[in-house]
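So the structure is just underneath, and the comments pick up after that.
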Amino acid sequence: DLQKGHTKVMIAQVAPAVRVSLGEEFDLSPGTFVQGKIISALRALGFDYVFDVAAGADLTILEEGSELLHRIVDNLEHKPGAAPLPMFSSCCPGWVDFVEKSSSELIPYVSSCKSPHMMQGAVIKTFFSDIIDHPEEDIVIASIMPCVRKQGEADRDLESMQTEAGHRHVDHVVTTKGLARMIKDAGIDFDSLPDSHFDAFLGYGTGGAVLFGSTGGVLEAALRTVYEVAARGSDKPTLDKVEFVAVRGLEGLREATVVIPPNPTGVLHNEKPFEIRVAVCSGLGNAKSLVKEIQATGDDDPTNPKYHFVEVMACPGGCIGGGGQPRSKDKDALRKRQAALYALDAGEKIRSSHLNPVIDNLYDKYLVEPGSEKAERLLHTRLEAGGAPRIE
């Protein structure tokens, strides 16, 4: 239908994991980087603009990192009503669904941040619509995702998932395999496509953002930014190495600690080195085990929890192993996709989310700062015990 002509402004946005897996549907090896061809294919299919969800991932880190630091400070200062620790990540809809329907007591622990493509949808329909001078009702957004649950996420019937006029932030979700079918059905020769570039408004994500496609990637990106925000003004304001090897790999549970140097004037007001302890869970079974362990141990002292932040991905390996990804006969497919994302990160000039000029521009022109009133309204949401209602 896209190729038959349309009156709407059609926008596609592409998740990090898709760029190292779609090629498998066209007989390329797992981990082959096909980002440029994906963009060309989407334009050939009729999309007017193509954006990078990695930009939304950087935006997520700014908001999530700010939320984490505020939770830590509020608990250190024993503020009434302080959100509890550990804070769990919120960008995996499989994990969110599990919390809402099976472990609703965990809802206060889960970050209020929307996932990257939902944040990006809100930004596009609120701000980009003005830039291109088209009303939001004429904009249709399709997210290209490795996940079969992302459509359900986009269908959540909550005010926070819609514009003020009641239009949904993201209209459609197409899986990696779904996009491959669209390309084949349209008769597009994928192999012969030239490389194209994302459109500028949301066209760049840092190395850390690309890591969102793999288990441990959200946490690693968060640690890079949280450290440098918390250490700003100290004797060691930047990381010697941005790689957090301890959270990398495909093991179901990993742990790490980052030490913030003494920084009395910093956001944590820490006179001594301050440890931020984190964990990564890949697969819901491992997440359930970790939650039971945390609940059994108990954290009577909110100023000194076992973990401050926990990343959970429902699919083994994270998004690279999502239900919408190609089913590979290569037993090392996940590892190869993951290695490709690590290589993309290593090759980027900018590897930390808070240094992304695209995101700086969003805050300067529209959002003010992480956690601002406008950012809270557009980029955050809530969980619902029993599950949120769905748009029919």
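Points to keep in mind about this one:
- Cross-link partners of K272 among aspartates and glutamates (Cα-Cα below 17 Å; sequence separation of 8 or more within a chain): E77, E228, D235
- Listed residue (N75, P261, A209) projecting farthest to the positive dipole end of the chain, Cβ model: A209
- Approximate spin-label separation D235-E369, in nm, with each point projected 7 Å along Cα-to-Cβ: 2.8 nm
- In range of the label at D360: residues from the range 367-392 whose backbone nitrogen is under 20 Å from the point 7 Å along Cα→Cβ: 367-372
- About the Cα centre, charge dipole magnitude for the range 1-139 (Lys/Arg +1, Asp/Glu -1 at Cβ), debye: 180 debye
- Solvent exposure of the chain, expressed per residue, is 41 Å² of accessible area, with all protein chains present and a 1.4 angstrom probe.
- Accessible surface of the range 180-294 [probe 1.4 Å, protein heavy atoms]: carbon and sulfur percent: 52 percent
- Extension gain (nm, one decimal) between E105 and E159, 0.36 nm per residue minus Cα-Cα: 17.2 nm
- Inter-site label distance for A339 and V245 at 7 Å from Cα along Cβ, in nm: 1.7 nm
- Helical runs (DSSP H, four residues minimum) scored at -39500 (n - 2.57) apiece and divided by the length of the chain put the mean residue ellipticity at 222 nm at -10000 deg cm²/dmol.
- Paired Rg and Dmax values of the chain, which use every Cα atom, in angstrom: 20.1, 64
- Rh (Kirkwood; distinct C-alpha pairs) - the range 291-392, Å: 18.6 Å
- Around the Cα centre of the range 62-179, unit charges on the Cβ atoms of Lys, Arg, Asp and Glu (plus for the first two, minus for the last two) sum to a dipole of about 520 debye.
- Mean-position separation - Cα centroids, the range 277-328 and the range 177-252, in angstrom: 20 Å
- Between T7 and K306, the simple label model (points 7 Å from Cα in the Cβ direction) yields a spacing of 5.9 nm.
- Using only side-chain charges placed at the Cβ, +1 for Lys and Arg and -1 for Asp and Glu, the dipole size of the chain relative to its Cα centre rounds to 1020 debye.
- Compared with the direct C-alpha span, the chain from I391 to K329 gains 18.7 nm at full extension, assuming 0.36 nm per residue.
- From the Kirkwood radius over Cα pairs of the range 110-244, Stokes-Einstein at 37 °C and 0.692 mPa s returns a whole-number translational diffusion coefficient of 185 µm²/s.
- Computed extension gain for H172 through A82, at 0.36 nm per residue and net of the alpha carbon distance, reaches 28.8 nm.
- Folded to 0 to 90 degrees: helix 333-347 orientation relative to the chain principal axis, Cα: 80 degrees
- Taking 29 Å as the straight-line reach from the Cα of K349, the lysines in range (excluding those fewer than 8 positions away in the same chain) are K37, K114, K236, K241, K336, K365.
- Volume in Å³ per residue [convex hull over Cα atoms, computed for the range 1-73]: 116 Å³
The values are calculated or read from the model by the stated rules, or taken from the named source; none is laboratory data. Every value quoted in this text rests on a predicted model; they were computed, and no experiment measured them. As a convention, Cβ positions derive from the backbone with ideal geometry for all residues, glycine included, and neighbour counts pool all protein chains shown. Just so you know, the surface numbers come from the protein's heavy atoms only, side chains and all, with ligands and any DNA or RNA stripped out. Shrake-Rupley method; radii C 1.70, N 1.55, O 1.52, S 1.80 Å.
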